[in-house]
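Only one structure is covered here, and it is reproduced in the block below.
The values are calculated or read from the model by the stated rules, or taken from the named source; none is laboratory data. Quick caveat: nothing in here was measured; it's all calculated off a predicted structure. So basically every Cβ, Gly included, is an ideal-geometry build from the backbone, and we count neighbours across all protein chains shown. To get the accessible areas, we keep the full protein, side chains included, count just its heavy atoms, and leave off ligands, DNA and RNA. Shrake-Rupley method; radii C 1.70, N 1.55, O 1.52, S 1.80 Å.
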Amino acid sequence: MSEIEGNQMLERQIRQCIAELEELSPSGFAIAFHIRFSRPEFLFQTYPRDWQKIYSTGGLVMSDPIVSWGFANNGWTRWSELQDPPGGVLDQGRAFELNFGVAAGVEIDGSRSIAGFSRSDREFSVDEVERLMELLEELHRITLTGGALSPEAHAELRSMSLKFTHPDLIPPPD
C-alpha cells in the first residue's frame, strides 16, 4: 500500500468514527486529543456554535467538570455524577439542549485525550457508552503523532479539526 493510499484509509477511518460519534451524540461532542502543556494536538467539537462561543469567550474550560474529570480519570462517568455548582458549565449548557452526557478520559502510550458526549433526551445506555469509548480509543490511537501519520495525513487531520471547530474560518469551495 502506498503512503497516499494509507493516508486515504486513515482519513476514511477517522471520518467513519466521527460520523458514528455524531449519530450517538445527537446534541454534540467535544474531543481534545493528545493534550500536552494544556493544549490538545487536535480538537473536534460539534456542540451548538452559540454554546461554543459562550464557552470559549467565557473561559469556561477552567471550571468545566468534564475537563477536570477527564484529566484526572481514565474511563467514563455520566455528567449527572459530576459536581457542578448552580450556574456552572453543565447548568449553562442545558440552555443549548446539552441535558445528558458522558465525560471520558483515556491515556494510551503516555498521551491523554478527553471527551464530552451529549444528548438532549435521555441518559446514554451502557451499550452506547461502551461504543463511544471504543470510538474514542480508536481515534486516540489513529491520531497519535508518534504513530504512522505522515506529514500530509497530519496536515489533513489538522484541517479536519479546524473544520469541525471553526467552520466559519474555512473559505467556501470554488
What is the number of the single condition among (1) under 15 Å from the mean Cα position of the chain (by Cα); (2) surrounded by fewer than 20 Cβ atoms within 10 Å (Cβ to Cβ); (3) polar (S, T, N, Q) that GLN83 does not meet? (1)
Can you spot a residue in segment 21-28 that is at pLDDT 90 or above and touching a helix residue (DSSP H, G or I) at 6+ places or on another chain (Cβ under 7 Å)? yes
Given the conditions (1) within 22 Å of ARG36 (Cβ to Cβ); (2) open to solvent by 20 Å² or more (accessible area, probe 1.4 Å); (3) touching a strand residue (DSSP E or B) at 6+ places or on another chain (Cβ under 9 Å), report the number of the one that PHE100 does not fulfil. (1)
Do you know which residues across segment 62-75 are closer than 28 Å to SER125 by Cβ and open to solvent by less than 90 Å² (accessible area, probe 1.4 Å)? ASP64, PRO65, ILE66, VAL67, SER68, TRP69, GLY70, ALA72, ASN73, GLY75
Does SER63 satisfy the condition of being among the small types (Gly, Ala, Ser) and closer than 16 Å to GLU134 by Cα? no
Give the residues of segment 6-26 that are open to solvent by less than 80 Å² (accessible area, probe 1.4 Å) and outside any helix (DSSP H, G or I), sorted by residue number. SER25
In segment 93-141, the residues that are in contact (Cβ under 8 Å) with a residue 60 or more places away in the chain, part of a helix (DSSP H, G or I) and farther than 18 Å from PHE44 by Cβ: GLU128
Can you tell me which of SER111, SER150, SER159 is among the hydroxyl-bearing types (Ser, Thr, Tyr) and at pLDDT 60 or above? SER111
